[in-house]
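J.: Just dropping this structure here.
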Amino acid sequence: MRLTVIGCYGPYPAAGECCSGYLVEHQGSAILLDCGNGVLGRLRYYIEPWNLDAVILSHLHSDHVSDLMIMRYAIMLNNIRLDKGMLNVYSPGEPAEEFNRLNYKDFVKAHAVTAETKLNVGSLKISFSPAVHAYMSNIITVESEDHKLVYSGDTEYFPQLTGLAEGADLFLCEANYLRKDIEKGLPNHLAAYQAGKIASEAGVKRLVLTHHYPERDLEISRNEASEYFRNVELASAGSVYFL
Ligand SMILES: [Zn+2]
C-alpha cells in the first residue's frame with residue numbers, strides 16, 4: 001500500500017499549501033481520503049481524478065470536502081470524454097444539507113457510511129468508527145492483505161481511539177493543537193502530545209502527524225509528540241509512505 005500526502009493543513013492552508021487530502025494506492029486501486037481546498041490541483045501530479053476508484057470523506061467540514069465541488073466539473077467533462085462511470089463518494093450522512101450537496105447529476109454519487117459499513121475497493125478493505133468532533137466524523141481504517149493504515153480524520157481524544165489505532169503500520173493522526181490548547185479546554189481536535197501517547201499505547205509502527213495549524217512552528221508539535229513516541233513524522237505535501 002502506498003500513501004501520498006496531497007495536503008495536510010487545517011482548518012485553512014499555509015501559503016502555497018492545501019487542506020486535507022491523502023491518496024492511497026494498492027495493486028491498481030486508488031482512493032482519495034478527504035478532498036479539502038487545493039487538493040485537486042496537487043492530486044493531478046499523481047493521478048487524474050476520473051481514475052480514482054472512490055473518494056472517502058472523514059466528515060463534511062469544508063477543509064476536508066471543498067475541492068469536491070470543483071472536482072465534479074473535471075469528472076463530468078472527462079467522464080463524458082472517456083466514457084467512464086460515476087465517481088462514488090463515501091461520507092457520514094450528516095449534516096444532511098452538506099451530504100446532499102455532494103451528489104452531482106449522474107457524475108458524482110454520495111453514499112452515507114456508518115460504523116457497520118465495510119467497503120471493498122479492489123483488494124483494499126475500508127471500515128469506519130465514530131470519532132468525537134463538531135460534525136459527525138469517522139476514524140477510517142484501510143487494510144490490504146497484510147498492512148493497515150489508520151487515519152484519524154478530525155477528532156478530539158476519546159479512550160477507544162487507542163484500540164482503533166492498534167496494529168496500524170502507519171497512524172496518520174491529526175494534531176491540530178498543542179498541549180496548552182488542551183489545557184485551555186479547546187474541543188474537537190487532538191494535540192500532538194495526545195497523538196504521540198495514543199500511538200505509543202497502541203504500539204503503532206509509524207506515527208505521521210497531520211492537520212497542521214498553519215500559524216505554528218511544526219517542530220513544537222513534533223517535540224510534544226516525541227515525549228511519548230520515538231521518531232514522530234510530520235506530514236508534508238508530496239511525502240510518500242510505503243506500508
Ligand atoms: Zn473538522
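The values are calculated or read from the model by the stated rules, or taken from the named source; none is laboratory data. Because the structure is a prediction, the values reported are computed rather than measured. With ideal geometry, Cβ positions are generated from the backbone for all residues, glycine too; neighbour counts draw on all protein chains shown. Only protein heavy atoms, including side chains, enter the accessible area calculation; ligands, DNA and RNA are left aside. Shrake-Rupley method; radii C 1.70, N 1.55, O 1.52, S 1.80 Å.
J.: Restricting to the range 147-186, count the residues that are within 14 Å of the ligand (Cβ to nearest atom) and of a type in the set (F, W, Y).
T.: 2
J.: Name the residues in the range 30-86 that are within 14 Å of the ligand (Cβ to nearest atom) and either of a type in the set (V, I, T) or modelled with pLDDT under 95 (or both), would you?
T.: Correct list: V65 only.
J.: If you don't mind, another one. Out of H189, H211, which single residue is under 21 Å from L3 (Cα atoms), in contact (Cβ under 8 Å) with a residue 12 or more places away in the chain and within 18 Å of the chain's Cα centre (by Cα)?
T.: The conditions single out H211.
J.: Also: For the range 170-186, name all the residues that are closer than 21 Å to I140 by Cβ and either more than 18 Å from the chain's Cα centre (by Cα) or open to solvent by less than 20 Å² (accessible area, probe 1.4 Å) (or both).
T.: Matches in the range 170-186: L170, F171, L172, C173, E174, A175, N176.
J.: What are the residue pairs meeting all of these: first residue in the range 52-63, first residue within 17 Å of Y135 (Cβ to Cβ) and open to solvent by 10 Å² or more (accessible area, probe 1.4 Å), second residue within 8 Å of the ligand (Cβ to nearest atom) and assigned to a loop (DSSP other than H, G, I, E, B), Cβ atoms under 6 Å, and 6 or more apart or on different chains?
T.: If the second residue must be within 8 Å of the ligand (Cβ to nearest atom) and assigned to a loop (DSSP other than H, G, I, E, B), the pairs left are H61/Y135; D63/G10; D63/P11.
J.: Which of the numbered conditions does N37 fail, given that it passes all the others? Conditions: (1) in contact with a helix residue (DSSP H, G or I) (Cβ under 6 Å, 6 or more places away or on another chain); (2) over 18 Å from T141 (Cα atoms); (3) of a type outside the set (D, E, K, R).
T.: Evaluating N37 over (1) in contact with a helix residue (DSSP H, G or I) (Cβ under 6 Å, 6 or more places away or on another chain); (2) over 18 Å from T141 (Cα atoms); (3) of a type outside the set (D, E, K, R) leaves (1) as the failure.
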